[in-house]
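For reference, the structure discussed in these notes is given below.
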Amino acid sequence: MKSTPDVLAARLLAWYREDHRPLPWRLTRDPYRIWVSEIMLQQTRVEAVIPHYKTFLRRYPTLASLAQASEEDVLATWAGLGYYRRARMLHDASKRVVSDRGGEWPRSYSQMRALPGVGDYTAAAVASIAFDEPRPALDGNALRVLSRMADERRDIGTSATRRALGGVAKDLMDAVPRGSRGDFTQALIELGAVVCVPRAPRCERCPWNVACSGLAAGSAPHLPVKGARSVPRRVNLSVALAVRDELVLMRQRPSDASVMPRFWELPMATGDASALHPLGFPSCVEGEELGSFAHSITNTRYTVRVHLAEFEGGLTPDQRWVSMREIPGLPLSTISLKALRLARESGVSAA
């Protein structure tokens, strides 16, 4: 870098204070609300988080209200954000703060790291934004900015590279005046989100462009360097929509399921419609296919086909007929939510 850390910090703060998105979690220094936003923003786009964030905080305006809620209610409120383990850990952490700390949110990075689901980045973000702790918070956006600034051409996924970029971030944070560390954390993330974007970075708008080693070397658009990614796994999934007297057949996942335990879902099976036969839908192949949609979970790409089907089996203990007015209060798998939406768009009245 061609400028000193204090000059770079001042430039970034000035840019951020004049030109940043007015996101709802930037209007508070309440650690609870900042923490909720950081958990929601993991693996989810900002635009998708905003309405869920507002809904969640209307339902649970305080940490105590979240701790007192049932897990089923929390998961139902979280529905649509995906990666439901985040919601469970959020709930567990709130109960831990109430039981161990009398409901007072911890004020330091090290204390936050002891909470369920709070990793290095989340603890650093909350500590710096809510409590002005000089702790760099390095998410994907921040790491991309720093790798380009430093013209770092090693694999971003290695611990050595992350340590090196962490050192750059610490030097910058140490140069930030007291009272401005939270703004610096958000400014670095904002820079990566709106200017130093993954493809076609907008270098002409960057407050750091004159000091960017990657820009000077012509390597910025190609950074950071990432290791080879595995080939996505592709899976065909068939879903049965059985409607009877304006009720929909659903099943609940077992409590020890590895993915989304105790969530409700429509009957489904891997493969074509014939895979639904053993679940009580022997005539499903001849049934009406309402349509299909794509769905992705980590490295798996699903093609989901929804079939309007007659249920000809007996109910198992994990199954029941559910009215549509019950659906909003149930934790429902995202695939089932999408399937029900497709059914409504196809004119199935009970869906």
**Message:** Could you work out the relative contact order of the chain? I mean the mean sequence separation of Cα pairs under 8 Å and 6+ apart, divided by the number of residues, in percent.
**Reply:** 17 percent
**Prompt:** In square nanometres, what is one fourth of the surface area of the convex hull spanned by the alpha carbons of the range 267-308?
**Reply:** 3.0 nm²
**Share of carbon and sulfur in the accessible heavy-atom surface of the range 169-236 [1.4 Å probe, %]** = 51 percent
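About the Cα centre, and with charges only on the beta carbon of Lys, Arg (+1) and Asp, Glu (-1), how big is the dipole of the chain? Nearest 20 debye, please.
Details: 47 positive and 37 negative charges, 214 e Å.
About 1040 debye.
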**Prompt:** Once all Cα-Cα distances of the range 263-351 are split into 5 Å bins that start at 0, what whole-number percent is in each one?
**Reply:** 3, 12, 23, 25, 24, 11, 2, 0
**Prompt:** Which semi-axes, in whole Å and largest first, does the equivalent ellipsoid of the chain have when worked out from the alpha carbon gyration tensor as the square roots of 5 times its eigenvalues?
**Reply:** 44, 25, 16
**Asked** For the range 37-186, what log10 I(q)/I(0) values come out of the Debye formula at q = 0.19 1/Å, with one point per alpha carbon and no solvent?
**Response** -1.21
**Request:** Can you pull the one-decimal nm distance between simple spin-label points at E246 and S213, each 7 Å off the Cα toward Cβ?
**Result:** 6.8 nm
**Message:** Need one word for the range 199-252: rounded, prolate or oblate. Basis is the Cα gyration tensor (sqrt eigenvalues a ≥ b ≥ c); a/c below 1.5 gives rounded, then a/b vs b/c decides.
**Reply:** prolate
**Complete:** In terms of the charge dipole of the chain, which places +1 on Lys and Arg and -1 on Asp and Glu at the beta carbon, the residue among P331, A10, L247 farthest towards the positive end is A10
**Prompt:** Roughly speaking, what % of Cα-Cα pairs in the range 194-351 are separated by over 29 Å, rounded to a whole number?
**Reply:** 38 percent
**Message:** Before I look further, what does the range 249-301 give for accessible area per residue, probe 1.4 Å, in whole square angstrom?
**Reply:** 50 Å²
**Request:** With label points built 7 Å along Cα→Cβ from the Cα atoms of R154 and A200, find their separation and express it in nm.
**Result:** 3.3 nm
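Would the range 287-333 count as rounded, prolate or oblate if I go by the C-alpha gyration tensor, calling it rounded below 1.5 in a/c and otherwise prolate when a/b exceeds b/c, oblate otherwise?
oblate
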**Request:** Compute the accessible area per residue over the range 111-200, keeping the other protein chains in place, probe 1.4 Å, unit Å².
**Result:** 38 Å²
**Asked** Which whole-number percent is the relative contact order of the range 1-159 (Cα, under 8 Å, 6+ apart)?
**Response** 19 percent
**Message:** Run the helix sum for the chain: -39,500 (n - 2.57) per DSSP H stretch of 4+ residues, divided by residue count, reported at 222 nm to the nearest 500 deg cm²/dmol.
**Reply:** -12500 deg cm²/dmol
**Asked** N236's amide H: which non-local residues (gap 5+, or another chain) put their own amide H closer than 5 Å, with H modeled 1.01 Å from N in plane and none for Pro or chain starts?
**Response** G271, T303
**Request:** Please give the FRET efficiency for E310 paired with D6, using the beta carbon to beta carbon distance and R0 = 56 Å, rounded to the nearest 0.05.
**Result:** 0.20
**Separation of the V98 and T270 label points, Cα + 7 Å toward Cβ, nm** = 3.9 nm
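Counting Lys and Arg as +1 and Asp and Glu as -1, what is the net charge of the other residues whose Cβ lies under 9 Å from the Cβ of L138?
-1
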**Request:** Could you give the size of the charge dipole of the range 142-261 about its Cα centre, using +1 on the Cβ of each K and R and -1 on the Cβ of each D and E, expressed in debye and rounded to the nearest 20?
**Result:** 360 debye
**Request:** Could you tell me which of A130, H91, S37 has its Cα farthest along the dipole of the chain towards the positive end, charges placed at Cβ (Lys, Arg +1; Asp, Glu -1), taken about the Cα centre?
**Result:** A130
**Cα centroid separation - the range 142-184 against the range 109-126, whole Å** = 18 Å
**Request:** Sort out for me the Cα centre separation of the range 266-312 from the range 202-227, rounded to whole Å.
**Result:** 47 Å
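Which value, in debye to the nearest 20, gives the size of the charge dipole of the range 15-55 about its Cα centre, when Lys and Arg are +1 and Asp and Glu are -1 at the Cβ?
For this selection, approximately 80 debye.
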**Fill in**
For the range 138-203, shape from the Cα gyration tensor axes a ≥ b ≥ c, cut at a/c of 1.5 then a/b versus b/c, turns out oblate
**Potential lengthening between A175 and T300 on full extension [0.36 nm per residue; Cα-Cα distance subtracted]** = 40.7 nm
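The values are calculated or read from the model by the stated rules, or taken from the named source; none is laboratory data. Everything quoted here is computed from the prediction, not taken from an experiment. Positions of Cβ are backbone-derived with ideal geometry, glycine not excepted, and every protein chain shown enters the neighbour counts. Side chains are part of the model used for accessible areas, which takes the heavy atoms of the whole protein and leaves out ligands, DNA and RNA. Shrake-Rupley method; radii C 1.70, N 1.55, O 1.52, S 1.80 Å.
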